[in-house]
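Below is one structure, written out as structure tokens, with a few remarks after it.
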Amino acid sequence: MLLETLLKQEEDQDLDEGAWNLAMAGGTCLGLVARTVGDDIVPLVMPFVQENITKSDWRQREAATYAFGSILEGPSADKLAPLVNVALSFMLSALMKDPSNHVKDTTAWTLGRIFEFLHGSVLETAPIITAENCQQILTVLLHSMKDVPNVAEKACGALYFLAQGYVDAGSASPLSPFFQDIVQNLLMVTHREDAGESRLRTAAYETLNEVVRCSTEETAPIVMQLVPVIMMELHQTLEAEKLSTDEREKRSELQGLLCGCLQVIIQKLGGMESTKYSFLQYADQMMDLFLRVFACRNATVHEEAMLAIGALAYAAGPNFAKYMTQFYQYLEMGLQNFEEYQVCAITVGVVGDLCRALEDKILPFCDGIMTQLLKDLSSNQLHRSVKPPIFSCFGDIALAIGENFEKYLIYAMPMLQSAADLSAHTTATDDEMLDYTNQLRNGILEAYSGILQGFKSSPKTQLLMPYAPHILQFLDALYNGKDMDDTVMKTAIGVLGDLADTLGVHAGPLINQSASSKAFLEECLASDDPLVKESADWASIAITRAVSG
């Protein structure tokens, strides 16, 4: 029945992005069946594929291709690999030569699914993509990017998954020889007159980002050449005069894509020793562009520009301090943005990046930042999902400024304590609530951890003593509640270690009195999760020192 529905396509189904009809619903359902039953679906679908793939009616060829693409997730690689090996050259040829756009569209989509599910680390033994066919695949995909928008968009998507499969390829990426070609072709797509159709421009930038993420030392110089190109394009969007509402929307979308692209480039080049220093010569110009983007006041662009600045701060380290005075007003605006809470959440994350980059150089801005974060926490308007990152941001600030956090203790600690009480005694009614409760607990624990570590070996550690019993009570409650996930467990046992490590002998008696710390530590030491165990090993040493001291 499902295979029959695939033959009931509509003439113009590829052109409308959100189209939904019987054939698409049938294919989606077939995909769900494949994910559920795995290998057993293959012999039921392949006869239909083989029978229709070469028929003269486009509907039959398209349905056969769609059926094949729909069953690629679920069955084992062993079962699918021989079929895909045969199908691959057939599909590449169809993508070049089939007279029907429908067939080409679905063929490019199916190739994307092959690269997504049967490429990369899944198939070590007999890879489907080899040095021999890689060139042919790329030739076809780059050629198809010049096709009509809906086909070009799917070709970009296929290239995205092809690149993604080489994330861990190290220096031996088979894409390296074609890197320059790939980048140039993708940039050409972004400049197409019709790039606004079928999400084509967005797909091209997303693919470019993935290609940059998977680049190697060898192709780094080409990524470096991209920097001025993307900066120039961003600059041009800022020069545009008097725009209609529609044009302004398009401009914002493009700015968002360009900032996103720069973020990926910054992470790539800023993260490699070989390129970091030559790359940072662009930092001033970049920062200038990002600040101008903020002045355009558009929420989605703000998110992307904020993330790019976070990446730049991380790459520039303490040198980022010189931009702080100009940037601070936008940071504050982001932290005040209750309505667009994603912007607020991302800005909180960037404060964490700044703390790690600037360390104590962030001190002059901390009063303003802390005031805003405390306001955020006490606001009923702010979406609850932003609260956990705000707590862990307290930890980042305390780690960066050490004992200078002293003046914020009287505000931050009571907030942490009431949130801790609340989160320890929440009975989660459903998975979503449990997830949120665990995120909240983790944020609170990261705050405690950062504050304890920030005060370590400072003469002012005594200031934390009054808060220690409450922290231990919180840990007891978490342990007895038995509903924390591995992340919370790892952070919680870490906090117990931090408490012992920072407060030393003063904490010893308190830890000894704590009802569950011993049992909790033993459970973590025996954990299968290597991260939990590692955290527990360290805590165990710190506790032994504190207790025996």
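The values are calculated or read from the model by the stated rules, or taken from the named source; none is laboratory data. Keep in mind it's a predicted model, so treat the numbers as computed, not measured. Here the Cβ positions follow ideal geometry from the backbone for every residue, glycine too, while neighbour counts run over all protein chains shown. We work out accessible area using only protein heavy atoms, side chains counted, and drop any ligands, DNA or RNA first. Shrake-Rupley method; radii C 1.70, N 1.55, O 1.52, S 1.80 Å.
Would you report the distance distribution of C-alpha pairs in the range 27-129 as whole percents per 10 angstrom bin, up to the bin with the largest distance?
Pair shares across the bins are 16, 51, 29, 3.
Which ³J(HN,Hα) values in Hz, rounded to whole numbers, follow from the phi angles of the range 210-227 under the Karplus curve 6.51 cos²θ - 1.76 cosθ + 1.60, where θ = phi - 60° and Gly and Pro get x?
Computed from phi, the couplings for the range 210-227 are 5, 5, 5, 4, 8, 6, 10, 3, 5, 9, 3, x, 6, 4, 4, 5, 5, 3 Hz.
Starting from the range 1-108, pick out the chymotrypsin sites (Phe, Trp or Tyr not before Pro) whose DSSP state is loop and whose Cβ has at most 12 other Cβ atoms within 10 Å.
Taking the range 1-108 and a limit of 12 other Cβ atoms within 10 Å, the loop chymotrypsin sites (Phe, Trp or Tyr not before Pro) found are 20.
Rounded to the nearest percent, how much of the accessible area of the chain (1.4 Å probe, protein heavy atoms only) is carbon and sulfur?
Values: 12900 of 24500 Å².
Here it works out to 53 percent.
Taking Cα atoms of the range 162-272, Rg/Rh with Kirkwood Rh, to two decimals?
So for the range 162-272, dividing Rg by the Kirkwood Rh gives 1.00.
Within the range 516-534, list the residues whose amide N lies under 20 Å from a label point set 7 Å along Cα→Cβ of residue 168.
Output list for this probe position: 529-532.
Which of the GluC sites (Glu not before Pro) found in the range 195-281 are loop residues per DSSP with 11 or fewer other Cβ atoms within 10 Å of their Cβ?
Sites meeting the loop and neighbour criteria: 241.
Determine the per residue accessible area of the chain with all protein chains present and a 1.4 angstrom probe, expressed in square angstrom. Intermediate values should be presented prior to the final figure.
Details: 24500 Å² over 549 residues.
Dividing the accessible area of the chain by its residue count gives 45 Å².
If a/c stays under 1.5 just call it rounded; otherwise compare a/b with b/c (prolate if a/b is bigger, oblate if not). Do that for the range 283-399, with a ≥ b ≥ c from the square roots of the Cα gyration tensor eigenvalues.
Judged from the Cα gyration tensor, the range 283-399 comes out oblate (a/c at least 1.5, b/c at or above a/b).
Per residue, how much space in cubic angstrom lies within the convex hull of the C-alpha atoms of the chain?
Details: hull volume 98.1 nm³, N = 549.
It is 179 Å³ per residue.
Rounded, prolate or oblate, given the Cα gyration tensor of the range 75-182, with a/c below 1.5 counting as rounded?
In terms of gyration-tensor shape, oblate.
Please go through the residue pairs 8/154; 407/490; 97/154; 456/533 and name each one whose alpha carbons sit more than 25 Å apart in this structure.
407/490, as the Cα separations exceed 25 Å there.
Would you calculate the separation in nanometres between label points at residue 130 and residue 240, each defined as 7 Å from the Cα along the Cα-to-beta-carbon direction?
Between residue 130 and residue 240, the label points sit 4.8 nm apart.
Classify the range 7-79: rounded, prolate or oblate, from the alpha-carbon gyration tensor (a ≥ b ≥ c, eigenvalue square roots; a/c under 1.5 rounded; otherwise prolate if a/b is larger than b/c)?
Taking the square roots of the gyration eigenvalues as a ≥ b ≥ c, the range 7-79 is oblate.
Which loop GluC sites (Glu not before Pro) in the range 75-160, with loop taken from DSSP, have no more than 15 other Cβ atoms within 10 angstrom of their Cβ?
Numbers: sites: 116, 124, 132, 153; in loops: 124.
Filter output for the range 75-160: 124.
So what's the range 210-338 giving for Rg/Rh, alpha carbon basis, Kirkwood Rh from the mean inverse pair distance?
Over the Cα atoms of the range 210-338, Rg/Rh equals 0.97.
Between 0 and 90 degrees, rounded to the nearest ten: what's the tilt of helix 149-164 against the longest Cα principal axis of the chain?
Once rounded, the angle reads 50 degrees.
Residue by residue through the range 49-61, what is 3J(HN,Hα) from phi via Karplus (6.51 cos²θ - 1.76 cosθ + 1.60, θ = phi - 60°)? Round to whole Hz and write x for glycine and proline.
Working through the residues one at a time gives 5, 5, 6, 9, 5, 10, 5, 6, 7, 4, 4, 6, 5 Hz.
Using only helices, what value at 222 nm comes out for the chain when you add -39,500 (n - 2.57) per DSSP H run of length 4 or more and divide by the total residues, to the nearest 500 deg cm²/dmol?
It comes out at -23500 deg cm²/dmol, rounded to the nearest 500.
For a Förster distance of 35 Å, can you work out the FRET efficiency between the beta-carbons of residue 375 and residue 278, rounded to the nearest 0.05?
According to the calculation, E is roughly 0.25.
Let's see if you can work this out: charge +1 on each Lys and Arg Cβ, -1 on each Asp and Glu Cβ, no other charges. What is the dipole magnitude of the range 294-382 about its Cα centre, in debye to the nearest 20?
Using only the charged Cβ atoms, the result is roughly 180 debye.
Rounded to the nearest 20 debye, what is the charge dipole size of the chain about its Cα centre when +1 sits on each Lys and Arg Cβ and -1 on each Asp and Glu Cβ?
Magnitude of the dipole: close to 920 debye.
Measuring from centroid to centroid over Cα atoms, what is the spacing of the range 328-389 and the range 273-324 in Å?
Result: 17 Å between the Cα centres.
According to a simple spin-label model (label point 7 Å from Cα along Cα-to-Cβ), what is the distance in nm between residue 483 and residue 465?
3.7
Compute the Rg/Rh shape ratio of the range 438-549: radius of gyration over Kirkwood radius, all on alpha-carbon atoms.
Over the Cα atoms of the range 438-549, Rg/Rh equals 0.93.
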